[in-house]
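K.L.:
Questions regarding the structure given below will be posed in turn.
The values are calculated or read from the model by the stated rules, or taken from the named source; none is laboratory data. Everything quoted here is computed from the prediction, not taken from an experiment. Backbone-built Cβ (ideal geometry, glycine too); neighbour counts: all protein chains shown. Note: areas computed on protein heavy atoms with side chains; ligands, DNA, RNA excluded. Shrake-Rupley method; radii C 1.70, N 1.55, O 1.52, S 1.80 Å.
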Amino acid sequence: MDPVLLVLAYSAGATVLAAAGILPLLGRERVPEAWLGWSNASAAGVMLGAAYLLAAVGIGDHALALGAGALVGITFVWWAHEVSGTGDLELNLQGPSAEGYGSDVLLVGALHSGAEGVAIGAAMAADPVLGAWMAAAIALHNIPEATLVGSVFRARGESPQRIALLAVVSNFPIVPMAVSTFAVVAAAPAVAPWAVGFASGALIYLVTVDLLPESYRQAGATSIALVALVAMGMVAALQELLQ
Ligand SMILES: [Zn+2]
């Protein structure tokens, strides 16, 4: 298959799989808060593992460009949070909430998934096997993330069908970001360490600023640390398969 089509197929698959995040929400008004914490922590762990894998494969002789790319990625996510006014957004499961809260939650999800699209595109350009694993890891982590975001909308009385649709829509930036990152890196390989650095920096920043602090409040530090570290270790161990 044409490699660009492959990136398209992987990233579209990762986006659509987010719809499975509604499964825990079926038949109940809300899921227990601890479940949400563990959803958060498993997504965070996968993202940390993905950042590690990308950096480990991409570092080569380009540590400086990778570090600079990471700074750009971190600055970009911080800036986007500031500009969109979503820096302090927390998941409010009680309602009522300010007008525009729902669209802010989707905006944060879209921003978040854009960084994950860069990770898939950069990984595919570095190594097709790494790219396939990266896409699988991002796809799997989209499920608990969608449960988390979906529970906000469930608490506001949205139907499961609509929540599934919203989950796919808020993950859609994965597709254009993966394809364009892959195309740019394939055309200009000198950009590769920058793209890898950008994705790693953005993923780690999202985890430390958005996902983990919230999950600690939902399920307590010990279980969150365990779930996040086991998820991270499972993804990081994929490095063995790449050698
Ligand atoms: Zn994520």
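K.L.:
Is it fair to say ARG162 is open to solvent by 30 Å² or more (accessible area, probe 1.4 Å), away from the ligand (no atom under 16 Å from the Cβ) and modelled with pLDDT of 90 or more?
P.N.:
Against the criterion (open to solvent by 30 Å² or more (accessible area, probe 1.4 Å), away from the ligand (no atom under 16 Å from the Cβ) and modelled with pLDDT of 90 or more), ARG162 qualifies.
K.L.:
Quick check, is LEU36 at pLDDT below 90, away from the ligand (no atom under 12 Å from the Cβ) and touching a Gly at 6+ places or on another chain (Cβ under 7 Å)? Even if it seems obvious, please write down each step before you answer.
P.N.:
Working: at pLDDT below 90: yes; away from the ligand (no atom under 12 Å from the Cβ): yes; touching a Gly at 6+ places or on another chain (Cβ under 7 Å): no.
Here the answer is no, as LEU36 does not meet what is asked.
K.L.:
Could you pull out the residue among SER170, SER223, SER215 that is part of a helix (DSSP H, G or I), open to solvent by 20 Å² or more (accessible area, probe 1.4 Å) and hydroxyl-bearing (Ser, Thr, Tyr)?
P.N.:
After ruling out the rest, the residue left standing is SER223.
K.L.:
Of all residues in region 86-117, count the ones that are at pLDDT 75 or above, open to solvent by less than 50 Å² (accessible area, probe 1.4 Å) and among the polar types (S, T, N, Q).
P.N.:
The qualifying residues number 1.
K.L.:
Condition first: open to solvent by less than 30 Å² (accessible area, probe 1.4 Å) and not in a helix (DSSP H, G or I). Now tell me which residues in region 9-41 satisfy that.
P.N.:
Hit for region 9-41 is VAL31, nothing else.
K.L.:
Same structure, new question: Do we find that VAL235 is within 16 Å of the ligand (Cβ to nearest atom) and either basic (Lys, Arg) or open to solvent by less than 30 Å² (accessible area, probe 1.4 Å) (or both) in this structure?
P.N.:
Yes.
K.L.:
Residues in region 173-182: is at least one away from the ligand (no atom under 12 Å from the Cβ) and modelled with pLDDT under 90?
P.N.:
Looking for residues that are away from the ligand (no atom under 12 Å from the Cβ) and modelled with pLDDT under 90, one finds none in region 173-182, hence no.
K.L.:
State yes or no: is VAL129 modelled with pLDDT under 90, in a helix (DSSP H, G or I) and closer than 25 Å to LEU26 by Cβ?
P.N.:
no
K.L.:
Of all residues in region 46-79 being within 16 Å of the ligand (Cβ to nearest atom) and of a type in the set (Val, Ile, Thr), which is least open to solvent (accessible area, probe 1.4 Å)? I'd like the intermediate steps shown before the answer.
P.N.:
So in region 46-79, the residues within 16 Å of the ligand (Cβ to nearest atom) come out as 46-54, 73-74, 76-77.
So of that shortlist, the ones also of a type in the set (Val, Ile, Thr) come out as 46, 74, 77.
On the way: VAL46: 21, ILE74: 61, VAL77: 5 Å².
Applying the filter and picking the extreme gives VAL77.
K.L.:
Right, next: Residues in region 175-192: is at least one under 20 Å from HIS141 (Cβ atoms), touching a residue at least 24 places away in the same chain (Cβ under 8 Å) and open to solvent by 40 Å² or more (accessible area, probe 1.4 Å)?
P.N.:
yes
K.L.:
Between residues in region 135-148 that are in a helix (DSSP H, G or I) and residues that are near the ligand (Cβ under 7 Å from one of its atoms), which pairs lie under 7 Å by C-beta distance while being six or more apart or on different chains?
P.N.:
So the pair list comes out as ILE138/GLU116; HIS141/ALA43; HIS141/MET47; PRO144/ALA43; GLU145/ALA43.
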